[in-house]
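Comments concern the structure below.
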Amino acid sequence: MRIIGGTLKGLTLASVGKGDKAGHLRPTSDRVRESIFNLLQNGGYGNPILGARVLDLFAGTGALGLEALSRGAAWVTFVDEGAKAQSLLRHNIELCRATEKTRLISKNALRLGPCEDAAYDLIFLDPPYGKYLGEKALISAIENGWLANEALIVWEENSEKPSPPGLSRHDARRYGDTWVHILSN
């Protein structure tokens, strides 16, 4: 697993190894991550990454948020409650020398509570597949003020999903066993 583009292009991130079955760690493959960022930068959304405040829910290894930092995001907040994920995240943040531009929150993405900082422009959501957690996490983020007006949401799942109430779907694409949905509020 490596950073695909930007200032950190080619940097190898920490390996998941055997992963954490209880934590459902399943990093986004390099190929899917590259497709996501190509879609964001060339899909008619302007450049939603440059200068963005990014929220990475179910962050796992942090590859999506760190890729955004490499491509010009101003700040990334990672949310994951898994011990293995937090360890990998801390290591990957250090590898990217990104401690000054990131925050790691050990919290359940379904129970975010009120946003204590400015709302986020770009949200990555990669919940464990098949557990129906994505919509619940999005609703928690919306209800608690985590999304800026016209925030762009990138939601990965193992099947095509309808847009939760209050969100508009702009795109849905399949990459192998992964569906990538692009939404906004």
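Answer yes or no: is there a residue in the range 173-183 that is within 17 Å of the chain's Cα centre (by Cα), of a type in the set (Ser, Thr, Tyr) and surrounded by 17 or more Cβ atoms within 10 Å (Cβ to Cβ). Scanning the range 173-183 turns up at least one residue that is within 17 Å of the chain's Cα centre (by Cα), of a type in the set (Ser, Thr, Tyr) and surrounded by 17 or more Cβ atoms within 10 Å (Cβ to Cβ).
The set of residues in the range 111-139 that are of a type in the set (Gly, Ala, Ser) and more than 19 Å from residue 65 (Cα to Cα) comprises 113, 130. So for the range 32-55 (the condition being part of a strand (DSSP E or B), under 11 Å from the mean Cα position of the chain (by Cα) and modelled with pLDDT of 90 or more), does at least one residue qualify? For the range 32-55, residues part of a strand (DSSP E or B), under 11 Å from the mean Cα position of the chain (by Cα) and modelled with pLDDT of 90 or more: present.
The values are calculated or read from the model by the stated rules, or taken from the named source; none is laboratory data. These numbers were taken from a predicted model, which means no experiment stands behind them. Please note: Cβ atoms are built from the backbone with ideal geometry, for glycine as well, and neighbour counts cover all protein chains shown.
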